[in-house]
Amino acid sequence: MRIWIFSTPKQAARVLAGDIARAIVENPRLVLGLPTGRTPIPLYRELAALYRKRAVDFSRVTTFNLDEFFGIDGDDPRSYRAFMQRHLFAHVNVKPRRIRFLESRPPDAGSECERYEQALRRAGGIDLLVLGLGANGHIGFNEPGRILVARTHRATLTAATRRANASLFGNVLASVPSEALSMGMATILGARRIVLLATGQRKARSVERLLNGPITTRMPASFLQLHPNVEVWLDRAAAVRLDSGH
Ligand code: GLP
């Protein structure tokens, strides 16, 4: 895995936005996989700035979000769909029909997950998948535990993840859904290029384990070690536990 360390989250976001813009210039039909969370917000701000400067055109790009809460309305302001609209899609020219999401309240969760996998296959797979990192080592909503699920599935959230997401729900833990739909580990590892973005000291322990620890379902991000084209983009705070050799 290649590791990039930047002095601040903003600098990492700026360079990554430039990198994504270049990838879109090279392939205007790029299929992008996107995360939610606090970490990618500066990245989305930089992408919007590049769009305003006409440095990038998203009109033929397709996006697939990694995950969505289960059981809340899609237009609920707390949904990941609404989050993406606020932070990215309202500010750039991705065509609404090319913005793909898992439905948060599908009639049948199993068929919804299958539909998503099919849509991904039909789009030709993900060219560039940007990932955040849960402080507990999760990616998407693939939580640490005894097992991992290969494909898009309905997932139960751990208490730690529900606490980490509580700010979206007015800091009321009881309001945070206990389930979500998420791409699975094989869906994630099927992306041609993966960029994991982690900033802040809260992520330092997971970053160290994902890079240097054993591959284990207790640290879902460690499975990225199996992928031939992964980059880990960090700020100094997230990199504090790595040797200076990195
Ligand atoms: C949520 C998302 C993850 C994301 C994680 C980290 O749980 N499902 O995809 O990576 O939050 O969030 P943050 O960037 O706010 O630390």
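A short reminder: the numbers here are calculations on the coordinates, not readings from a lab. Fair warning: this is a prediction, and the values are worked out from it, not measured in the lab. Glycine gets a Cβ as well: all are built from the backbone with ideal geometry, and neighbour counts include every protein chain shown.
Quick notes on this one:
- Among the candidates Arg98, Arg2, the residue that is more than 16 Å from the ligand (Cβ to nearest atom), touching a residue at least 60 places away in the same chain (Cβ under 8 Å), surrounded by fewer than 20 Cβ atoms within 10 Å (Cβ to Cβ) and over 16 Å from the mean Cα position of the chain (by Cα) is uniquely Arg2.
- If only residues of the range 62-80 that are within 16 Å of Ala90 (Cβ to Cβ) and within 13 Å of the ligand (Cβ to nearest atom) are counted, the one that is farthest from the chain's Cα centre (by Cα) is Ser79.
- Check on Val130, within 12 Å of the ligand (Cβ to nearest atom) and touching a residue at least 24 places away in the same chain (Cβ under 8 Å): yes
- Criterion applied to Thr161, Thr156 was being surrounded by fewer than 17 Cβ atoms within 10 Å (Cβ to Cβ) and under 18 Å from the mean Cα position of the chain (by Cα), and the one residue passing it is Thr156.
- Residue in the range 25-43 that is farthest from the chain's Cα centre (by Cα), counting only those that are touching a residue at least 12 places away in the same chain (Cβ under 8 Å), in a helix (DSSP H, G or I) and surrounded by fewer than 22 Cβ atoms within 10 Å (Cβ to Cβ): Val25
- Tabulated pairs, the range 179-197, first under 24 Å from Ser79 (Cβ atoms) and β-branched (Val, Ile, Thr), second assigned to a loop (DSSP other than H, G, I, E, B) and within 13 Å of the ligand (Cβ to nearest atom), C-beta under 7 angstrom, 6+ apart or interchain: Ile188/Gly140
- Matching entry among Gly125, Gly140, Gly71 (being small (Gly, Ala, Ser) and farther than 27 Å from Gly18 by Cα): Gly71
- Hey, Ala21 more than 26 Å from Tyr116 (Cβ to Cβ), touching a strand residue (DSSP E or B) at 6+ places or on another chain (Cβ under 6 Å) and part of a helix (DSSP H, G or I) or not: no
- Filter result (outside any helix (DSSP H, G or I), surrounded by 20 or more Cβ atoms within 10 Å (Cβ to Cβ) and touching a Phe, Trp or Tyr at 6+ places or on another chain (Cβ under 9 Å)) within the range 178-197: Ala180, Leu181, Ser182, Met183, Val195, Leu196, Leu197
- Remark: pairs (first residue in the range 201-212, within 17 Å of His227 (Cα to Cα) and assigned to a helix (DSSP H, G or I); second residue more than 12 Å from the ligand (Cβ to nearest atom) and hydroxyl-bearing (Ser, Thr, Tyr); Cβ separation under 9 Å; 6+ apart in sequence or on different chains) = Arg209/Thr216; Arg209/Ser222; Leu210/Ser222; Leu211/Ser222.
- Qualifying residue in the range 65-88 (condition: of a type in the set (Phe, Trp, Tyr) and in a loop (DSSP other than H, G, I, E, B)): yes
- Only one entry of Gly145, Gly125 meets the criterion of being part of a loop (DSSP other than H, G, I, E, B), in contact (Cβ under 8 Å) with a residue 40 or more places away in the chain and within 17 Å of Pro35 (Cα to Cα), and that entry is Gly125.
- Considering Arg193, Arg209, Arg241, the condition of being in contact with a strand residue (DSSP E or B) (Cβ under 7 Å, 6 or more places away or on another chain), within 24 Å of Ser7 (Cα to Cα), away from the ligand (no atom under 16 Å from the Cβ) and of a type outside the set (A, V, I, L, M, F, W, C) is satisfied by Arg193 alone.
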